[in-house]
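Q: The structure that follows is given in the form of structure tokens.
The values are calculated or read from the model by the stated rules, or taken from the named source; none is laboratory data. From a predicted model like this one, the values you see are computed outputs, not experimental measurements. Don't worry about glycine lacking a Cβ; one is built from the backbone with ideal geometry, like all the others, and counts go over all protein chains shown. To get the accessible areas, we keep the full protein, side chains included, count just its heavy atoms, and leave off ligands, DNA and RNA. Shrake-Rupley method; radii C 1.70, N 1.55, O 1.52, S 1.80 Å.
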Amino acid sequence: MRPVHVCLAVLVAAVWGVNFVVIEVGLDHFPPLLFSALRFLVAALPAVFFVGPPKVAWWILAVGLVLGVAKFGLLFIGMDAGMPAGMSSLVLQIQAVFTAVFAFAVLGERPGGIRLLGMIVALTGIGVAAVDEGGSGTLTAFALLIAAAACWGASNVLTRKASPPDALNFMVWVSTVPVLPLLGLSLLFEGPSRDLEALGSLDWQGAGIIVYVAWITTVFGFGAWGYLLRRHPASTVAPFSLLVPVFGMSAAALVLGESVSGLGWCAAALLVCGVGLTSFAGVRPRGSGAGTGTPAQDRAVRAAEPLPRTTASRTPSTATRPGAPR
């Protein structure tokens, strides 16, 4: 990756890490489903009027439902149910394992031995974290975070299949999809009186929180991440997601005073190591003999694969299949 792309990836990780603390504070102002709906409403407006028409409409609908409604709905509900911000930023990174599994099933990316080992280590870390969280009475919230990570992994593969030519256009239009479903779910499960009370008591802090989670983490964060994934293999971009819990747990400790138990640190070490192995290890197309691990080998494999006409014409020498995270 070029140095500017490395800096961009680190910046996105920092934005996403701090976002967990912002969400934790925001849940004191809004019910979780309404909060998520407002996030996407503000992310979509007024940007949708300036980015042009959608480029890959059907993929936008699919990603919007899986990423916007399912992933973020489950994340916000899980944190509202008691999942700490710092630990949430860590547990959500199991999305790398789900991405690898779904990429094998849908894209034919066969994981090598190192990647399989990483998945086992990461899942062991999740098991240790589940024991730790179960002891504190938040096991249901923990399960919601795992489900959110699975939805994120599915949305990563859908994004790779979509191969959007304009990452910002794609993310802005994706943000339009979850608004009405999330508002409907909020009215159904959280109740109109609770929603109206939250909106009626909106203050500057609440407005600032919505702006951060909408424009900074959603439009900028996912737009920049999609930009990177469109230009580099998932195995190159995904490891930067390991920085998200570093920023998230640090911000949670500094701002919210959260602490992590000894068992929690053990789970964190296992999960980070496992996700690192899963992300850094090369993949090989289904039916191939040897795995691909080096950049030169990755380029050779990608050169032999058919590319969409728009992608090939856009970056003839470095076109890669996009995909990955959170």
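Residue-wise test of (1) part of a loop (DSSP other than H, G, I, E, B); (2) farther than 19 Å from G223 by Cβ; (3) among the aromatic types (F, W, Y); (4) at pLDDT 95 or above.
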| position | (1), (2), (3), (4) |
| --- | --- |
| M1 | yes, no, no, no |
| A9 | no, no, no, no |
| V18 | no, no, no, yes |
| V25 | no, yes, no, yes |
| F30 | yes, yes, yes, yes |
| L33 | no, yes, no, yes |
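Q: Given the criterion under 29 Å from G276 (Cα atoms), out of contact with any Pro (no Cβ under 7 Å at 6 or more places or on another chain) and either at pLDDT below 95 or of a type in the set (D, E, K, R) (or both), identify the matching residue among A150, A141.
A: A141
Q: Is it true that some residue in the range 314-325 is modelled with pLDDT of 50 or more, open to solvent by 30 Å² or more (accessible area, probe 1.4 Å) and either more than 18 Å from the chain's Cα centre (by Cα) or closer than 22 Å to V174 by Cα (or both)?
A: Within the range 314-325, none of the residues are modelled with pLDDT of 50 or more, open to solvent by 30 Å² or more (accessible area, probe 1.4 Å) and either more than 18 Å from the chain's Cα centre (by Cα) or closer than 22 Å to V174 by Cα (or both).
Q: I would also like to ask the following. Restricting the search to the range 47-68, which residues are open to solvent by 30 Å² or more (accessible area, probe 1.4 Å), of a type outside the set (G, A, S), part of a helix (DSSP H, G or I) and out of contact with any Lys or Arg (no Cβ under 8 Å at 6 or more places or on another chain)?
A: Listed by number, the residues that qualify are F49, W58, L61, L65, V66.
Q: Now, a different point. Note down all Cβ pairs under 8 Å where the first residue falls in the range 144-172 and is over 19 Å from G73 (Cα atoms) and outside any helix (DSSP H, G or I), the second is hydroxyl-bearing (S, T, Y) and open to solvent by less than 10 Å² (accessible area, probe 1.4 Å), and they're at least six residues apart or on different chains.
A: As it stands, the answer is S163/T311; P165/T311, since those pairs meet every condition given.
Q: Here are some residues: A100, A96. Which one is part of a helix (DSSP H, G or I), farther than 30 Å from L180 by Cβ and touching a Lys or Arg at 6+ places or on another chain (Cβ under 7 Å)?
A: A100
Q: Under 16 Å from the mean Cα position of the chain (by Cα) and modelled with pLDDT of 90 or more, is that true of W215? Steps first, please.
A: Values: under 16 Å from the mean Cα position of the chain (by Cα): yes; modelled with pLDDT of 90 or more: yes.
It is true that W215 is under 16 Å from the mean Cα position of the chain (by Cα) and modelled with pLDDT of 90 or more.
Q: Of all residues being part of a helix (DSSP H, G or I) and open to solvent by 10 Å² or more (accessible area, probe 1.4 Å) in the range 173-183, which is farthest from V63 (Cα to Cα)? Just the residue, please.
A: Initial filter on the range 173-183 (part of a helix (DSSP H, G or I)): 173-176, 179-183.
Now restrict to residues that are open to solvent by 10 Å² or more (accessible area, probe 1.4 Å): 173, 176, 179-181, 183.
Numbers: W173: 10, T176: 11, V179: 13, L180: 15, P181: 14, L183: 18 Å.
The extreme case among them is L183.
Q: Among the candidates A251, A224, single out the residue that is crowded, with 18+ Cβ neighbours inside 10 Å and at pLDDT below 90.
A: After applying the criteria, what remains is A224.
Q: The conditions are (1) within 30 Å of A81 (Cβ to Cβ); (2) of a type in the set (D, E, K, R); (3) open to solvent by 50 Å² or more (accessible area, probe 1.4 Å), and R2 fails exactly one of them. Which is it?
A: (1)
Q: Going through A105, A154, A122 one at a time, which residue ends up being within 30 Å of L34 (Cα to Cα) and either small (G, A, S) or surrounded by 17 or more Cβ atoms within 10 Å (Cβ to Cβ) (or both)?
A: A154
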